[in-house]
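What follows is a short report on a single structure.
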Amino acid sequence: MDQYFLKSFFVFVAFIAIYSCSSSKKAQVDVTGDDSLKLEQTIVPDTFVLPNIPAEITNSDARAEYLVMNYWNRFDFSDEELTQRPEITEQAFVDYVNILSYVPFDKAKESLNYTLKKAEANNAMYSYFGTLFDKYFYGANSPFRNEEFYIPVLQELVKSNSISGADKSKYQFQLEMTLKNRVGQTANDFSFTLSSGQSQKLHSIKSEYLILMFSNPGCSTCASVTNALTKSTALNQAFSMNSPTRTMVTVLTVYPDADIDEWLLHLPQMPTNWVHSYDKGMAITKEKLYDIKAIPTLYLLDKDKKVVLKDTSIEAIESFFEKPN
């Protein structure tokens, strides 16, 4: 994945460049509804070429919107062999998803739907684009992971007749999970159990902010994340604001698996000012309460247990606490 990310275009170049190339196929494109902006776009075989941006569009925001709406107009979706050319198709896809964040969400959603519509030219191509969206919008290690962009894609994929039943079932499950615990929604409640055997509810925790961390003992990445959070200046500043009458921040770790003895053995290595628990009966997994794609998984919740950050990073949590709240 990184090789395509590192080769990604500079976005500002895409904004200002007007590309031209000789043709083998031609298509008229007018997504703006303005006949004055209608251009003849040339589909170029065996490669990827950016669309021609009309010279009269000079505003950078307008150029960005034109680019995302016309990005694939010179790409031959009917050429199934391009699914075997990641240096062309996957690289172009990475550049595309990189650009989406520079336009309003409604325009990005429109572009995503338009891209899938064009991919219907070939079933293999449509299926391939489904895997690319899965990899880059949903993959746990993707630098472009974005469930809000992925949701409209999934809503189209599950209705499509261009993919297999197995793929449709996979995307249906992903859609079900991405619609849970979205930013702004109240996080699903669950019971957690402390080492003492006492059980509590997530929603019963009184704290201005709650960092929820699903983790496993012996997980090296979990240890690295734990270490980074304990050393975070921003988080330690928030902890310093805790008092007998007001809790600014609480960190709750939850072990979602079954080997409680291993969890208990690992407990002395965990920060003493955090709350550590396990999911007795594994209800989180069995009832699919949270989408735990990888361990660790981090959430930030507010005092009402509404999701502030979903499946987030240390950097995003630090950035949040560095801002005045």
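The values are calculated or read from the model by the stated rules, or taken from the named source; none is laboratory data. Source: prediction; values computed, not measured. Don't worry about glycine lacking a Cβ; one is built from the backbone with ideal geometry, like all the others, and counts go over all protein chains shown. We work out accessible area using only protein heavy atoms, side chains counted, and drop any ligands, DNA or RNA first. Shrake-Rupley method; radii C 1.70, N 1.55, O 1.52, S 1.80 Å.
Elements of the type strands (runs of 3 or more DSSP E) sitting completely within the range 220-325 and holding at least 3 residues that are surrounded by 15 or more Cβ atoms within 10 Å (Cβ to Cβ) and aliphatic (A, V, I, L, M): these cover 249-255, 297-302, 307-312.
Among the numbered conditions (1) at pLDDT 95 or above; (2) buried (at least 17 other Cβ atoms within 10 Å of the Cβ); (3) not in a helix (DSSP H, G or I), the only one that residue 217 does not meet is (1). Within the range 251-305, the set of residues being hydroxyl-bearing (Ser, Thr, Tyr) and closer than 22 Å to residue 203 by Cβ comprises 253, 255, 277, 278, 285, 290, 297, 299. Check the range 120-138 and report whether any residue there is more than 24 Å from residue 67 (Cβ to Cβ) and at pLDDT below 95. There is no residue in the range 120-138 that is more than 24 Å from residue 67 (Cβ to Cβ) and at pLDDT below 95. Entry remark, the range 271-287: residues being in contact with a helix residue (DSSP H, G or I) (Cβ under 7 Å, 6 or more places away or on another chain) and touching a residue at least 40 places away in the same chain (Cβ under 8 Å) number 3 in total.
Number of residues in the range 19-66 that are open to solvent by 40 Å² or more (accessible area, probe 1.4 Å) and at pLDDT below 55: the value is 18. State which residue is farthest from the chain's Cα centre (by Cα) when the search covers only the range 67-98 and only residues that are within 25 Å of residue 143 (Cα to Cα), open to solvent by less than 10 Å² (accessible area, probe 1.4 Å) and not aliphatic (A, V, I, L, M). The selected residue is 75.
Out of 146, 123, 161, 141, report the one residue that is under 22 Å from residue 74 (Cβ atoms) and polar (S, T, N, Q). Within the list 146, 123, 161, 141, the selection yields 123. Tallying residues that are charged (D, E, K, R), in contact with a Lys or Arg (Cβ under 9 Å, 6 or more places away or on another chain) and within 25 Å of residue 240 (Cα to Cα) within the range 258-307 yields 1. Which residues, counting only those in the range 287-299, are closer than 16 Å to residue 147 by Cα and either in contact with a Gly (Cβ under 9 Å, 6 or more places away or on another chain) or not polar (S, T, N, Q) (or both)? Of everything in the range 287-299, those that are closer than 16 Å to residue 147 by Cα and either in contact with a Gly (Cβ under 9 Å, 6 or more places away or on another chain) or not polar (S, T, N, Q) (or both) turn out to be 290, 291, 292, 293, 294, 298, 299. Residues in the range 128-148 that are under 24 Å from residue 295 (Cβ atoms) and either part of a helix (DSSP H, G or I) or among the aliphatic types (A, V, I, L, M) (or both): 131, 133, 134, 135, 136, 137, 138, 140, 147, 148. Taking the numbered list (1) within 20 Å of residue 256 (Cβ to Cβ); (2) modelled with pLDDT of 95 or more in turn, residue 209 passes all entries but (1).
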